[in-house]
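Please read the structure below before turning to the comments.
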Amino acid sequence: MSIEQWTLVDQYIVDALVPPDAALDAALAASEAAGLPGINVSPNQGKLLHLLARLRGSSSILEVGTLGGYSSIWLARALKPGGKLVTLELSERHAQVARENLRRAGLAETVDVRVGSALELLPALAQEKRAPFDFVFIDADKQNVPSYFDWAVKLSASGSVIVVDNTVRRGAVADPSTTDANVKGVQGLHERLRNHRGIDATTIQTVGSKGYDGFTLAIVA
Ligand code: SAH
Ligand code: DHB
Ligand code: MG
């Protein structure tokens with residue numbers, strides 16, 4: 001089994017289940033043209049995020065790691081009428097591309113793109129008087145995943161859903177002797193979850209056009 005095989009199957013799935021979409025397609029094209037790395041979620045993963053956020057019945061969504069706003073579009077479209085998405089991005093350049101992509105998708109008023117280090121933006125968000133987030137998607141740098149997860153829990157309520165991307169790292173998550181800071185980050189997440197009362201979670205390994213990785217799905221008690 002190879003990435004070529006997984007990519008063919010992803011293409012089959014997308015052809016059957018993820019119709020072409022002008023705003024999503026334009027977002028990917030503009031992100032590529034601007035030289036952003038192609039580390040957005042795949043179309044079928046984006047649709048999974050959308051379906052999960054809809055299942056939860058989300059009025060407010062938080063995303064950590066915007067890039068060009070591809071996953072933001074999928075998530076924002078899952079919001080109930082009048083709902084809002086806040087998305088955090090370190091790079092001003094990425095945020096500019098995302099804002100333009102979101103505007104083209106008709107989501108400029110729905111999505112609040114905030115620029116800065118998530119470790120600084122999250123405490124600021126916690127100071128604001130706002131309703132808890134119904135759904136949180138964590139997809140920024142991997143070293144800080146345990147901290148992002150702690151903030152996600154603080155900013156959530158009972159029943160909120162938290163999804164963390166890239167938590168398998170080509171299987172390296174199961175390597176106790178790793179020295180890779182990104183892998184240590186996703187191991188730290190699993191240690192948090194191991195010791196956490198009141199969070200029910202699982203991690204699913206995935207293969208596809210983006211290679212071998214996985215995601216963690218958690219519900220706050
Ligand atoms: N969720 C996007 C992909 C995000 S890629 C999608 O699927 O479409 C990861 C993003 O996190 C990059 O744009 C990177 O600039 C951003 N990032 C990295 N470190 C960060 C930090 N400390 N705070 C906020 N964003 C960060
Ligand atoms: C990387 C980051 C991601 O969020 C992802 O889905 C794939 C790769 C990366 O930093 O390489
Ligand atoms: Mg990711």
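The values are calculated or read from the model by the stated rules, or taken from the named source; none is laboratory data. If you're wondering where the values come from, they're calculated on a predicted model, not measured in any experiment. Neighbour counts are summed over all protein chains in view; Cβ atoms, including those assigned to glycine, are modelled from backbone coordinates with ideal geometry.
Within region 183-206, the set of residues being within 16 Å of ligand 3 (Cβ to nearest atom) and in a strand (DSSP E or B) comprises Thr203, Ile204, Gln205, Thr206. Only one entry in Gly46, Gly38 is in a loop (DSSP other than H, G, I, E, B) and not hydroxyl-bearing (Ser, Thr, Tyr), namely Gly38.
Pairs meeting the criteria (first residue in region 192-221 and over 12 Å from Gln45 (Cβ atoms) and within 16 Å of ligand 1 (Cβ to nearest atom), second residue of a type in the set (Ser, Thr, Tyr) and outside any strand (DSSP E or B), beta carbons under 7 Å, at least 6 apart or on different chains) are Thr216/Thr167. Contact map, region 84-100: residues that are more than 16 Å from Ser117 (Cα to Cα) paired with residues that are in a helix (DSSP H, G or I), Cβ distance under 6 Å, separation 6+ or inter-chain. Pairs shown: Leu85/Leu75; Leu85/Ala76; Val97/Ser31. Of all residues in region 15-26, none satisfies being in contact (Cβ under 8 Å) with a residue 12 or more places away in the chain, within 16 Å of ligand 2 (Cβ to nearest atom) and either crowded, with 16+ Cβ neighbours inside 10 Å or under 24 Å from Asp150 (Cα atoms) (or both).
Note on region 134-167: residues that are within 13 Å of ligand 1 (Cβ to nearest atom), in contact with a strand residue (DSSP E or B) (Cβ under 7 Å, 6 or more places away or on another chain) and touching a residue at least 60 places away in the same chain (Cβ under 8 Å) total 8.
Residues that are modelled with pLDDT of 95 or more, charged (D, E, K, R) and surrounded by fewer than 13 Cβ atoms within 10 Å (Cβ to Cβ) within region 113-129 comprise Glu120, Glu128, listed in sequence order. Of the residues Arg169, Arg192, Arg197, the single one that is at pLDDT below 95 and of a type in the set (D, E, K, R) is Arg197.
Scan region 154-182 for residues that are surrounded by 19 or more Cβ atoms within 10 Å (Cβ to Cβ), within 17 Å of the chain's Cα centre (by Cα) and not in a strand (DSSP E or B) and jot them down. Hits for region 154-182 are Leu155, Asn166, Thr167, Val168, Arg169. Exactly one residue out of Ala157, Ala221 is among the hydrophobic types (A, V, I, L, M, F, W, C), farther than 27 Å from Ser117 by Cα and away from ligand 2 (no atom under 12 Å from the Cβ), and it is Ala221.
Does Gly188 count as more than 17 Å from the chain's Cα centre (by Cα) and without any contact (Cβ under 8 Å) to a residue 60 or more places away in the chain? Yes; evaluated as a whole, the condition is true for this residue. Has region 99-121 got any residue that is closer than 20 Å to Arg54 by Cβ and either touching a His at 6+ places or on another chain (Cβ under 9 Å) or within 16 Å of ligand 2 (Cβ to nearest atom) (or both)? Taking every residue of region 99-121 in turn, none turns out to be closer than 20 Å to Arg54 by Cβ and either touching a His at 6+ places or on another chain (Cβ under 9 Å) or within 16 Å of ligand 2 (Cβ to nearest atom) (or both). Quick check: anything in region 63-70 surrounded by fewer than 22 Cβ atoms within 10 Å (Cβ to Cβ), within 16 Å of ligand 3 (Cβ to nearest atom) and among the charged types (D, E, K, R)? No, that holds for no residue. For region 14-26, state whether one or more residues are within 16 Å of ligand 3 (Cβ to nearest atom) and either among the charged types (D, E, K, R) or not in a strand (DSSP E or B) (or both). No, every residue in region 14-26 fails to be within 16 Å of ligand 3 (Cβ to nearest atom) and either among the charged types (D, E, K, R) or not in a strand (DSSP E or B) (or both). Restricted to helices (runs of 4 or more DSSP H) entirely inside region 58-144, those with at least 1 residues that are farther than 30 Å from Val183 by Cα are 92-104, 118-127. Looking only at residues in region 191-210 that are of a type in the set (Gly, Ala, Ser) and surrounded by 12 or more Cβ atoms within 10 Å (Cβ to Cβ), the one that is farthest from Asp10 (Cα to Cα) is Ala201.
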